[in-house]
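J.: Pasting a structure below so you can have a look.
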Amino acid sequence: MESMIEEIKAALPDEEVLLSLAPQELARVLFPIFKRNREEIHLYNLVNKIHQMHEVYPRSRCEAIGLAFSEAWSWLVTQGLIVPKPRDMGDWFSISRAGEKITTDSEFADYAKASLLPRNLLHPKIAENAWANFLRGAYDLAVFTAFRDVEEAVREAAEYDARAIGVDMMRRAFNSKEGPLSDRTLPEAEREALAHLFAGAIGSYKNPSSHRTVTIADTREAGEMLILASHLLRIVEDRARRRTGDGPPLCNG
């Protein structure tokens, strides 16, 4: 435990910096230390030892620091990176099999990003084409690729040629009165709303990247865009099935 505490002290000598870190950020600092000291992963012992380190962390801040460590620990448990030690009746933990695969800081960052956007939430095609860019932090490219997949799916489902693109194609394909992908069983206002949704999504998230460099810096925002693209792509596939009579409809949008 002494060696672990010394590593923590060296990595986080300033308690104000430590307390400013979000649980995920603190976990990112602690996890490699836990891996190097894998026989001593015990939350109570860690926090108790921190309380004794008032020569580094002021005793008045130890309660807050202990809570911060507990939050980071909980994040690691929730993400499956540390797990209760098998055949142990106490509170000792081990590095999980997933945790063993993480050997660099960049791999930890990728894993953390993946936890914000579980791959199974995405349409398989978008997961295949955009997931790797999302993990690398290339959010603008991931989002552009996802909405390009939507655009291509609409073109194919509506049986348009390659000249049909962008917002105009969306409004034409989902036109409330004669669009090939419009659902005539729905009220006209809902059909028009869906046309606006597709046109707005392509106009906002795909077209700008086609004409200029667009920077997306926020992980959650990029993830939300990919989920929206997945939802739209599933609607398109549903409408394509309805047109061909291949199976029951899956979407009501």
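J.: Can you work out ³J(HN,Hα) from phi for every residue in region 105-122, in order, using Karplus 6.51 cos²θ - 1.76 cosθ + 1.60 and θ = phi - 60°, giving whole Hz and x for Gly and Pro?
T.: Working through the residues one at a time gives 5, 5, 5, 5, 4, 5, 5, 5, 5, 4, 5, 6, 9, x, 4, 5, 7, 8 Hz.
J.: Mind checking the per residue accessible area of region 37-118 for me, 1.4 Å probe, whole number of Å²?
T.: I get 56 Å² per residue for region 37-118.
J.: Over the chain, what is the mean sequence separation of C-alpha contacts under 8 Å (at least six apart), divided by residue count, expressed as relative contact order in percent?
T.: 15 percent
J.: Going from the alpha-carbon gyration tensor of region 1-103, what semi-axes, largest first and in whole Å, does one get by taking the root of 5 times each eigenvalue?
T.: So the three semi-axes of region 1-103 are 22, 14, 12 Å.
J.: Mind telling me which of VAL236, VAL17, VAL29 comes out most flexible in a GNM of the chain, alpha-carbon contacts under 10 Å?
T.: Between VAL236, VAL17, VAL29, it is VAL17 that shows the largest mean-square fluctuation.
J.: Can you count the Lys pairs in the chain whose Cα atoms are under 19 Å apart, with each pair 8 or more apart or on different chains?
T.: Working: LYS9/LYS35; LYS9/LYS49; LYS35/LYS49; LYS35/LYS85; LYS35/LYS101; LYS85/LYS101; LYS101/LYS113; LYS125/LYS206.
For the chain, the number of qualifying lysine pairs is 8.
J.: May I pose another question? Taking amide hydrogens as modeled 1.01 Å from N in the peptide plane, which residues meet the under 5 Å criterion relative to SER94, leaving out close sequence neighbours?
T.: The list, which skips near neighbours in sequence, is VAL83, LYS85.
J.: For the chain, which longest stretch is free of loop sites, where a loop site is one of the GluC sites (Glu not before Pro) that DSSP puts outside H, G, I, E and B and that has at most 12 other Cβ atoms within 10 Å? Write out the running numbers ahead of the final one.
T.: Details: sites that count: GLU55, GLU159, GLU178.
By the stated rule (loop sites, at most 12 other Cβ atoms within 10 Å), 56-158.
J.: Roughly how many percent of the accessible protein surface of the chain is carbon and sulfur, given a 1.4 Å probe and a whole-percent answer?
T.: Whole-percent figure for carbon plus sulfur exposure: 52.
J.: On full extension of the chain, what length is gained from LYS9 through ASN45, given 0.36 nm per residue of separation minus the C-alpha to C-alpha distance?
T.: Taking 0.36 nm per residue and subtracting the Cα distance, the gain is 11.4 nm.
J.: Using DSSP loop states and a limit of at most 14 other Cβ atoms within 10 Å to flag trypsin sites (Lys or Arg not before Pro), what is the longest stretch of the chain containing no flagged site? Provide the component values of the computation, followed by the final result.
T.: Working: sites that count: ARG87, ARG163, LYS177, ARG184, ARG212.
By the stated rule (loop sites, at most 14 other Cβ atoms within 10 Å), 1-86.
The values are calculated or read from the model by the stated rules, or taken from the named source; none is laboratory data. Everything quoted here is computed from the prediction, not taken from an experiment. Positions of Cβ are backbone-derived with ideal geometry, glycine not excepted, and every protein chain shown enters the neighbour counts. Heads up: the accessible areas ignore ligands, DNA and RNA and are worked out on the full protein's heavy atoms, side chains in. Shrake-Rupley method; radii C 1.70, N 1.55, O 1.52, S 1.80 Å.
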